[in-house]
Amino acid sequence: MRAPLRVVVVYPDLLGTYGDGGNGLILTRRAQWRGIEAELAQASSDAPLPEADIYCLGGGEDGPQVRAARALIDDRTLVRRADAGAVVLAVCAGYQIVGSTFPGADGTPHEGVGLLGLTTSKGVGSRAVGEVTAEVAATVLAPATLPTLTGFENHGGVTTLAEGITPLARVTRGVGNGDGSGTEGAVTGRVMGTYLHGPVLARNPAMADLLLAWALDTDASALMPLDDSAHERLRLARLGPHRAGATGRKVRHRVRRRNDR
Amino acid sequence: MRYRLALTTTRAVNATSRRLGRGQGTVAGGRAGLKVDPQLLRRLTAGRRVALISGTNGKTTTTRLLAVALGAHGDDVVSNETGSNMPPGHVAALVANRRAKRAVLEVDEIYLPRVLAATGADMVLLLNLSRDQLDRTNEVRMVANRWRAALAAAPHTAVIANADDPLVVWAAGAAAQVSWVGAGLSWHLDAAGCPSCEGRITFADDGTGEWHCESGCGFARPPVTATLLLTDHGSTHHGLWADGRSYEIALNLPGRFNRANALMVAVAAETVGIDAADALAAMGQIEEVAGRFATRVLGGVPTRLMLAKNPAGWSELLDLVAQDRGPLVVSINARTADGADPSWLWDVPFERLAGRAVVATGDRCADLSVRLHYADVAHLVESDPLTGVHTAATMGDDATPVDVTTVDVIGNYTAFGELLGARP
């Protein structure tokens, strides 16, 4: 009998601007619905970060983002647990702070947690705000695959991946990393970062199951199927009938470059 | 000369757009007038006493409450009652009534600094600040900082502000004259970080409402002029003044939040020499405000219509409807006026609806359905709101007979507007 799966939402008092707590809830419920014992905890920034199998980091405003990075660096639990194989899902401001550097409100660079080899700087021009559609190439998560990603972005930062760091996906709509490469997010080992903010897992249940499978040391295809009709309706509404397949079985690898910038 | 032309233009466009059936003409005329004379708002408020109301939630209702309270002695008051809360809406309302010496204007949060500068308002009510339409306003702290700068530059303005919202206290803290009101705050997620030093705000859980920054920077709840109290086992609300006076707040509008808004208005009325008791008596006569909380027959079904457009507003309304057991229709859109990003649905404690018969509807019923699924709220999905109301009327759950008389309907901004305008 394995210990309960522990899911921690990291610092919702600092990083929770866009309903990001939903990701922790979705992961926990999808485990529980399969009969896997799972616990969800909200970890406040004024206490030591608890030990966990999955950490979810959300979006935040400039000031709180700097404080969250500082607290995570001082606390050291996140880096230690990630090194030991814990799963990390970092979105929006959370994605920026798990990189090496990110900009504060005035643009000055701040030290990040360093889980992903990437740097973020303040973008010139307007913020990237709007719907995002992105395709995950077959090689990125092999042997696992993910169907078309759908989400919403709202960020002023431009993220550049270090040499050899794998982007999560390639945008077909929206901005994503915004460095001109047409990429979105990044993934290294079991650390996944994305600009698809808020409850990204609500729109991409296959991504939730992939993270769960990582945490359970199993294959996503080995997880018990769930009634995902609500998710499927949402994906159909956001993506249209051609790309909405939520199961990942009908993955299309065609990469469109039309909107690359 | 330019001013006269601007007035004529505003009136003409208003009349035309009304005649063409394109709504009340409140915005189109004002916009046209401002094109002709960008100083139109300044000129239209010259010689009038202006009160402004802003905040994330409760603006429209509080504007109505204040207009009624300031008119308690029979004075003529002009107000943008329809919720058109940007300068074109202000201009349209002011053009329509040039005689009234008192103007009461609802103001969009982002526009407050501009409107304050243009009108030289003698009174500003600040209700609360929390996340809303993040794709438009980005960051709520930025709004608080802009308010703070604007109020620091307005030494002759009397500010009436909610002492229980740290972001409002930060914004009003730079003003020369402030009356603080203990109006309560039901949703604290945007208030955890100290706006003064980036420390952490702790809220006392002993019922005193006190809060302070843990870092010792000194930022804390200021002493209040009056505070909202729940009395008689929660059945009535009273305003308790620091000088010992106490008044019952009896309204026809539902909810704790409306009583809090009425208390702020009573304190505001006192600053201009109107007795709090007279102000409260006048407010007690209001039956509904711009359709909010109204009972309407929709497609043959009696409904109670409610508006909630962000997590803080939802939190208050879910408290209100939690007492009911009948079916509930929730309608969510994500059009321009709603904000294009419904991520905030995951900040709303929909878990409180467990056991209710719920219908998810609106443009974004699929987003809502996923959220309800994870909140363990059994529900039906029906993308057309009127069909959704019909479906709800024929649903029963374990606790509710099917012959319920009224269906509760909560919509966010455009979803609510659509239902309000629907045929009976």
Please report the antiparallel percentage of DSSP beta bridges with both residues in chain B, rounded to the nearest 5. 35
Sort the following peptides by mean Cβ neighbour count (other Cβ atoms within 10 Å, averaged over residues), highest first: A:180-190, B:68-78. A:180-190, B:68-78
Please name which of B:MET142, B:PRO195, B:VAL224 has its Cα lying farthest along the dipole of region B:44-283 towards the positive end, using unit charges on Cβ (Lys, Arg +1; Asp, Glu -1) and the Cα centre as origin. B:MET142
Average beta carbon contacts from partner chains per residue of A:199-210, 10 Å cutoff: 2
Which residue, B:VAL169, B:SER315, B:GLY184, has the largest displacement toward the positive end of the dipole of chain B when charges sit on each Cβ (Lys, Arg +1; Asp, Glu -1)? B:VAL169
Please give the FRET efficiency for A:ARG76 paired with A:GLN32, using the beta carbon to beta carbon distance and R0 = 41 Å, rounded to the nearest 0.05. 0.85
For region A:69-155, alpha-carbon Rg relative to the globular expectation (2.2 N^0.38 Å, N residues): 1.25
Between B:LEU230 and B:THR202, take the C-beta separation as r, use R0 = 22 Å, and let me know the FRET efficiency to the nearest 0.05. 0.45
Residues of A:14-24, mean number of Cβ from any other protein chain within 10 Å of their own Cβ, rounded to a whole number? 5
From the square roots a ≥ b ≥ c of the eigenvalues of the alpha-carbon gyration tensor of region A:107-166, which class results: rounded (a/c under 1.5), prolate (a/b over b/c), or oblate? oblate
Residue-wise, which Karplus ³J(HN,Hα) couplings in Hz belong to region B:384-392, taking 6.51 cos²θ - 1.76 cosθ + 1.60, θ = phi - 60°, and x for glycine or proline? 8, x, 5, 4, x, 5, 4, 4, 4
Give me B:HIS156, A:HIS231 ranked fewest to most by other Cβ atoms within 10 Å of their Cβ, as a rough exposure proxy. B:HIS156, A:HIS231
A student applying the Cα gyration tensor rule (rounded when a/c is under 1.5; otherwise prolate if a/b is larger than b/c, oblate if not) would label region A:5-239 oblate
Give me a single rounded figure for B:363-375: the average over its residues of other chain Cβ atoms within 10 Å of their Cβ. 6
Percent antiparallel among DSSP beta bridges with both residues in the protein assembly as shown, to the nearest 5? 45
Estimated dipole of region B:295-420 in Debye, rounded to 20 [Cβ of Lys and Arg +1, of Asp and Glu -1, Cα centre]: 200
Cα-based shape type of region A:1-89, given that a ≥ b ≥ c are square roots of the gyration tensor eigenvalues and the cut on a/c is 1.5: oblate
What distance in nm separates the simple spin-label points at B:THR406 and B:ALA153, each placed 7 Å from Cα in the Cβ direction? 4.6
Taking θ as phi - 60°, what are the ³J(HN,Hα) couplings along region B:150-155 by the Karplus curve (6.51, -1.76, 1.60), each to the nearest whole Hz, with x for Gly and Pro? 5, 6, 5, 8, 10, x
Fraction of beta bridges assigned by DSSP in chain A that are antiparallel (%, nearest 5): 55
Range of Cα positions in chain B per principal axis (Å), largest first: 63, 59, 39
A:THR160 to B:LEU5: FRET efficiency via 1/(1 + (r/R0)^6), r the Cβ-Cβ distance, R0 56 Å, to the nearest 0.05? 0.55
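Throughout, read-outs are computed from the coordinates displayed, never taken from laboratory work. Because the structure is predicted, anything quoted here is derived from the model rather than measured. Please note: Cβ atoms are built from the backbone with ideal geometry, for glycine as well, and neighbour counts cover all protein chains shown.
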